[in-house]
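This report concerns only the one structure given below.
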Amino acid sequence: MSRSDDRAPAAHGAPEVRAEIRIRRTDGSRSVFSVDAGEYTTILDALEEIRTVHDRSLLYRHSCHHGSCGTCGVIANGERVLACTTRITSDEPLDLDPLAPFPVIGDLAVDATPLYADFPTDASYLRDSDARPNATDPVAPEEVGRFTRFENCIECGICVSVCPVVRPFKGPAALAAYGREIEKRPDREAELLAEIDAPDGVAGCDRALNCSAACPLGVYPAKHIAVLKRKIDARRADYSP
């Protein structure tokens, strides 16, 4: 098993393997399926074959198929991954579990609502837009021509899933969102830093760095949290007698 974005393509014509997929079901049992996996077969490909051919009742989440929407996060042999970008590379049994600690809707499908509970309110997001004066989207400066994507975070929840902090804690995804919002809206810095200068904010991070290691898009939430901590420390120093 490997992520498709960090693994060199196998030689053309590589033989298929017969993969055993063992899926945690809603009742806690495991259903076992066998699928043929070629050099580019991902976990999501296998799930779609299973649902189409073997078990129409199988529940899982997906949308984009190329690592942009973040909806297909699962635990595969103990590793938090995106199903759509993680290839099946051996015939070793593959255990699939829903992405803890999110509430399970059914089988591998989870309710990601808690992920957004502690995100900053009124967060702004840049989106691709042309710079035509009559464009209905926000207009970029003429010398820029188009807006580019500012954020790489796809809100998949993998960083939250691997975070070992169990006490009340906003979590790496939310704190990274605070960091990005401050970068985009410096005028909100004092307001937003006050919200996360609390035991469940930046102070709650144990610096395990699991979040940065697991992030499939290299957002490095721990880096954002470290920057926020320095900003909070500086803010406190400014207000100290």
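The values are calculated or read from the model by the stated rules, or taken from the named source; none is laboratory data. Since this is a predicted model, take the numbers as computed values, not measurements. So basically every Cβ, Gly included, is an ideal-geometry build from the backbone, and we count neighbours across all protein chains shown.
Listing for the model above:
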{"item": "Members of segment 63-75 that are surrounded by fewer than 23 Cβ atoms within 10 Å (Cβ to Cβ) and touching a strand residue (DSSP E or B) at 6+ places or on another chain (Cβ under 6 Å)", "result": "G67, I75"}
{"item": "From the options I105, I75, residue that is in contact with a Pro (Cβ under 8 Å, 6 or more places away or on another chain) and at pLDDT 95 or above", "result": "I75"}
{"item": "Qualifying residue in segment 205-227 (condition: closer than 16 Å to V160 by Cβ and touching a Phe, Trp or Tyr at 6+ places or on another chain (Cβ under 7 Å))", "result": "yes"}
{"item": "Residues of segment 27-51 that turn out to be assigned to a strand (DSSP E or B) and over 13 Å from L108 (Cα atoms), as a count", "result": "7"}
